[in-house]
1. State the Cα centre-to-centre distance between the stretch 172-204 and the stretch 92-114 in whole Å.
2. I need the peptides 136-147, 89-100 ranked by packing, meaning the mean over residues of other C-beta atoms within 10 angstrom, with the highest value on top.
3. Can you tell me the Rg and Dmax of the stretch 16-135, counting just the alpha carbons, in angstroms?
4. When the Kirkwood radius is taken over all Cα pairs of the stretch 139-208, what Stokes-Einstein diffusion coefficient follows at 37 °C and 0.692 mPa s, in µm²/s?
5. Based on the alpha carbon coordinates of the chain, what radius of gyration and maximum Cα-Cα distance (Dmax) apply, in Å?
Amino acid sequence: MPDTGEASRHLPRPNRVTPFGDLESTAARGALMGNRGDLHGQDGTIRRHHLGKAWICCTLTEKNGRRAIFDTKGHYTPLFFHDETVAFAAGHRPCAECRRADFLRFKRYFNRATGLSEEHFVAAGEIDAQLHRQRLDGREKRLHRARLVTLPDGAFFILETRPQTPFLLWRGKAHPWSHEGYGTPAALPEDGDVSVLTPPLIVGVLRAGYQVEPRF
């Protein structure tokens, strides 16, 4: 269901995902839901960063039409993203159930990016294992260095002068992100290396042709 929950009766839960993969509290609404497993402690509040390697990005409505369940230990913890580019930067892939068509499209471009035939069967668990190695450096976000001119639209990066600001690369501009949306786009810096938030595997999928639609 849309990200309404019980906001009128509770402070925002720390379930909004940043391009760094962090979980934060904000009243801003997400356009997509996600899942990293059961992150609840005994009291039902969020106590973990993730559980397992299957980090997925879902629609706001479950496949069976039921409302997402909050604050319940033993059930996956609903997370929310501003848009798919943020989910990708955090290391989430499309859900194979509620976003089946997008997942199959993602797999097709994954195969293309890794030099396999588009019809080659690749298991979701294999993609998750590869992604997980690129998501984290210990408990911290794993950053990857790349030349700015080599990045495809839809990738997130940070600059040394503004390390706390994630920028979305889109149509020749750098768009600063916040939970409320994207700020005024800026001209791209001169070509050079930048720290990339989006995992290399997903950068490859974007470069191979997977289309995203940022929520401006």
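Every number here is computed from the coordinates shown, using simple stated rules; none is lab data. Not measured: the values here are computed from a predicted model. Here the Cβ is made from the backbone with ideal geometry for all residues, glycine too, and neighbour counts use every protein chain on show.
1. After rounding, the separation between the Cα centres reads 22 Å.
2. Details: 136-147: 12.2, 89-100: 21.8.
Top of the packing list down: 89-100, 136-147.
3. Expressed in Å, the Cα Rg and Dmax of the stretch 16-135 come to 14.6, 47.
4. Values: Rh = 12.2 Å.
D = 268 µm²/s.
5. Expressed in Å, the Cα Rg and Dmax of the chain come to 16.9, 51.
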